[in-house]
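What follows is calculated from the coordinates using simple rules that are stated; it is not laboratory data. Fair warning: this is a prediction, and the values are worked out from it, not measured in the lab. Cβ coordinates were reconstructed from backbone atoms using ideal geometry, including for glycine residues, and neighbour counts include every protein chain displayed.
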Amino acid sequence: MSLSLHFLLVVLLLSILSCAKTSMVMEQTTVTLEGIVLPIEKDLQHHPDEDANNTLPSRLRFNGAGVRSINFFGWDFKVYVAGFYHSGRDLLQSTEDVYQAVQKHAMQFDFTFLRTVSQSKVTEAWERQLDHSVDYRYERYERDRDIFVSSFGPISDAGTVSVVLHPCGRTILVDQGTRTNVIHSRDFQRSFLSMWFGENAVHQDLKDGLLSRDSGMDDCVG
């Protein structure tokens, strides 16, 4: 075999391998975090009541994810994995991006718990989280906060609760697959988002993870 032919075969083989690698990357469909599998895209299943014509986009795209941990006497206990999705085309990388996007695009937060949590602990956790982290209050905030907290019952291991925000101002609350309540308030949407992205966000690492896929998560894509 001539040297030139051998060189051409090597170039051809490298080209094939490169295309195969690119194809594999394009086919990646999930992110795995703490054993929880999050799809890169998912259907928008929970529509507001008045959206009879189903005019909202049918697909939601993964924006980011993170783990909520609680430090107890020096030990970190992982509580849930939070995944953030929206129907816009662009990655949301800042708090302002999120606040602007919710006026135009549907959003969904999925909280998959890594342990069983009793009713009393669920209520206590949401109340503390809201009281500590929400930095946007309005006249009827306490009423809407109470509706939100009362919408979630005890959670089983690997159970998921979801919060779906629509640009029409409706926030749909879903407890482990069952729609439990709807809050009709754009103000509440701003308050809820401030819990994750505001000045007193639940946790900085969680905030950073939800706003974009950090470099460490790329290794979990498959």
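Which FRET efficiency value, to the nearest 0.05, is calculated for SER94 and GLU142 with the Förster distance at 41 angstrom and r the Cβ-Cβ distance? Using R0 = 41 Å, I get an efficiency of 0.90. Using the Cβ-Cβ distance between THR123 and ASP43 with R0 set to 30 Å, the FRET efficiency works out to roughly 0.50. Distances between placed amide hydrogens fall under 5 Å for LEU114 paired with TYR80, VAL81, ALA158, all partners being 5 or more residues away or on another chain.
Look at the Cα gyration tensor of region 102-172: its axes a ≥ b ≥ c give a/c of at least 1.5 with a/b at or below b/c, and that counts as oblate.
Compute the Rg to Rh ratio over region 68-214 from the alpha carbon atoms, using the Kirkwood formula for Rh, and round to two decimal places.
With Rg and the Kirkwood Rh in hand, the quotient comes to 0.93.
For region 124-129, the Karplus equation 6.51 cos²θ - 1.76 cosθ + 1.60, evaluated at θ = phi - 60°, returns couplings of 4, 5, 5, 4, 5, 5 Hz by residue, with Gly and Pro reported as x. Compute the Cα gyration tensor for region 57-134, then decide on rounded, prolate or oblate, letting a ≥ b ≥ c be the square roots of its eigenvalues: rounded whenever a/c is under 1.5, prolate when a/b is larger than b/c in the other cases, and oblate in all that remain. Prolate, since a/c reaches 1.5 and a/b exceeds b/c.
In a shell of Cβ-Cβ distance under 13 Å around HIS105, excluding HIS105 itself, what net charge do Lys and Arg (+1) and Asp and Glu (-1) give? Combined, the nearby Lys, Arg, Asp and Glu give +2.
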